[in-house]
1. Can you bin the stretch A:194-344 into rounded, prolate or oblate? Criterion: square roots of the alpha carbon gyration tensor eigenvalues sorted a ≥ b ≥ c, rounded for a/c under 1.5, prolate for a/b above b/c, oblate for the rest.
2. Please compute the contact order of chain A in relative form: average sequence separation of alpha-carbon pairs under 8 Å and at least six residues apart, divided by the residue count, as a percent.
3. The stretch A:84-122 to the stretch A:272-321: how many Å between their Cα centroids?
4. Computed FRET efficiency, Cβ-Cβ of B:A43 and B:E98, R0 22 Å: what is it to the nearest 0.05?
5. Quick one: Karplus J couplings for the stretch A:306-314, per residue in order, coefficients 6.51, -1.76, 1.60, θ = phi - 60°, nearest Hz, x for Gly and Pro?
6. Using the Karplus curve 6.51 cos²θ - 1.76 cosθ + 1.60 with θ = phi - 60°, what ³J(HN,Hα) values do you get for each residue of the stretch B:40-55, in whole Hz, with x for Gly and Pro?
7. At A:A239 and A:A299, where each label point lies 7 Å from the Cα along Cα→Cβ, what is the point-to-point distance in nanometres?
8. How much length would be gained if the chain were fully extended between A:A90 and A:A108, taking 0.36 nm per residue of separation minus their Cα-Cα distance, in nm to one decimal?
Amino acid sequence: MPASARGSTGGRIRERRLALGVRQAHLAARTGISPSYLNLIEHDRRPIGGALLGRIAEALDTTRASLAADVDESLLDALRAAGAAQGLPADDLAAAAELARRYPGWAAVIAAQSERLAAQADTIEALSDRLSHDPALAEAMHELLSTVSVVRSTASILASTPEIDPNWLRRFHANLDSDSRRLADGAEAVVSYLDRAAEGGDDARLTPPEVAARFLDAHDHAFPALEARGAEAIPDLVAELPGAEARALAAAVLRGDAEDAARLPLSMLQATQEPDALLEAACGDAALVLRRLGVTDPARGLVICDASGALIRRKAVAGFGLPVFGAGCPLWPLYEALSQPGRALTRRLEMPDGAVWVAHAVAAPLPQTRFDAVPTARSTMLLTRAVRDRADALPVGPGCRVCPRTGCAARREPSVLPG
Amino acid sequence: MTEAEPAAPGRVLLVEDEPNIATALAFILQRDGWRVSTHPDGATALAAVDRHAPDVVVLDVMLPGKSGFEVLAEIRGGPRPDLPVLMLTAKGQAKDRERAEALGVSRFMTKPFSNAELLAAVQQLAGRAVADDAS
């Protein structure tokens, strides 16, 4: 048995099943999954946990604990991601579990450093987006440059025109006086703005959508009060937000979440976390399943875009960077789904650090408000960390500005990261 | 008609809402021999295109009411579609340049620029020889 199997949950399931002489098809039937899906689990190609692991343990007459990996799966995944990012061959990646068992301290250091690098990439992305899309900063710089321009022109006139009419001379002196003050005030305002931003005190300059997005992020998009009390909890939840517009935006999102919670209650999600298994309970509404899993499972990411491709909801998840502003990676199935409304897609994605994700995506038309209105769609994508196997994974990125993949045919702008 | 044009001073239509910039630019253009009419917004500037028959238009991007882009588009769609237009904006506005080029701008200058650069651009657009020292 390879080193990876000894430490993994999938390997232990397979080992236990073979020891009991149980056929794969038999175990699959008893636990309500397909034989091919069980095969993927046993070979560490699908994550396993929750209720399904419990059913398998019961069918194999053992306990969940005995089947669970002796090494934290998330640590294993982080180690494999760190190794893959450095181009380690597959045999070395397979030894991650052995490394974690023999040198747990060093393994934790490697995993922590890898996650720190990912966090720094996220920070770089946020800063670069801020500088290129901050309207307040852009307007302040425009004002400064315009003032510099007039000071330069006026000073140049005075320097190159020794015999200037006294009226013009007075006028230019007055203009220089007012423009130099304006220049000083503008420079001071920009410095002050940058200082406040550096201290994290730029909340007052956030737009209402940014305030609403921060509010959702601060709660990780999960609101127990909404699950328990529905829409009546919304006024209390958004009361903390500054500004009526931001409160209205956040309330609109929460109203949608409350409707979703009523249609697919938390109790159903506690029974299973598999999107396929939830479709029936959701009356076939795939987008509803993805939204509910996205907002209730902290280990999953959720992205929603409108028909233009603009991201209107971002729930980030560690390891899968989402752009703060603008669109994401053009290769995400989020956009592929947009071109085929109604067709649910499942894609395996490989991020630049080697981590593999399963993305479920579907686009659905918005309700028609008028018979002559142009129909429009909204696309939803759920992100789930997968067991590392890059064989059939599509290489994607977090968005062009912070994606190190050179030569990508879908690239729309240069990356700020070294290739 | 042909005998009078070489001797007549050229006309520049300056569209700039910031009074101090307009004052400085008008002064250096007049000192260089141009007849300058200054307009603080796009609507009055467009009316003046017909009235003053300028040789060159110097047009700021950010204007109250009609933007510089709208003014440029109307000039290109009007009776003098080939009228040379020099647009001015602050640096770092790559999208402004692209938009202006798509609308058919004759030349685009970013602030801050020197007086000599502005005069050279106006002279070039009007088809005149560029002075050696125009600062």
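Bear in mind that the values in this text are calculations on the coordinates, not laboratory data. Since the model is a prediction, treat every value here as computed from it, not as a measurement. A quick note on method: Cβ atoms are made from the backbone with ideal geometry, for glycine too, and the neighbour counts reach across all protein chains shown.
1. Note, shape of the stretch A:194-344 comes out oblate.
2. Once normalised by length, the contact order is 14 percent.
3. Centre-to-centre distance over Cα atoms comes out at 28 Å.
4. With R0 = 22 Å, the Cβ-Cβ based efficiency is 0.30.
5. 3J(HN,Hα) across the stretch A:306-314, in whole Hz: 8, 5, 7, x, 5, 6, 10, 8, 10.
6. x, 8, x, 5, 5, 5, 5, 5, 6, 4, 6, 6, 9, 6, x, 7
7. 3.6 nm
8. Here the segment from A:A90 to A:A108 would lengthen by 4.4 nm.
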